[in-house]
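Read the figures in this text as sums done on the coordinates, not as results from a lab. Because the structure is a prediction, the values reported are computed rather than measured. Here the Cβ positions follow ideal geometry from the backbone for every residue, glycine too, while neighbour counts run over all protein chains shown.
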């Protein structure tokens, strides 16, 4: 498995959109719109690959100086639990640290809280609804 930074608008970025749509949006009856995707231009995109096949992805978005937000973490359904998410998180944390960020925050889906807690993240909010499902704010000091 290879982990790499993906450029906005590249073929890998379009593969990432398809993966995020299949894993995160379609099951909720949602989809991306062009405005939402255009607003991602300045984000940091990360993909996990086996040859040319994307296995998982995530993105980092600067919230403010020193704080970056993890978004759109997705791993192919049949490969979940095999270490791909953990590898993506480690890569994302190292990238954030290398770029001078001190904290990572996220809106974590309720069903993923246990995964992120194992990675050292702490819940810092009450439950709230986002994209029709329960979420919590979580964060970690880098």
* Structure fact -> Result of the Cβ filter at 6 Å on segment 28-42, keeping first residues that are part of a helix (DSSP H, G or I) and partners that are surrounded by 10 or more Cβ atoms within 10 Å (Cβ to Cβ), at least 6 apart or interchain, is 28/131
* To do: Name the one entry in 78, 50 that is within 19 Å of residue 13 (Cβ to Cβ) and over 11 Å from the mean Cα position of the chain (by Cα).
  => 50
* Structure fact -> Those residues of segment 123-142 which are touching a residue at least 24 places away in the same chain (Cβ under 8 Å), assigned to a loop (DSSP other than H, G, I, E, B) and over 16 Å from residue 63 (Cα atoms) amount to 131, 132
* Collect the residues in segment 115-138 that are out of contact with any helix residue (DSSP H, G or I) (no Cβ under 7 Å at 6 or more places or on another chain), closer than 18 Å to residue 92 by Cβ and surrounded by fewer than 18 Cβ atoms within 10 Å (Cβ to Cβ), keeping them in residue-number order. => 117, 118, 120, 122, 137
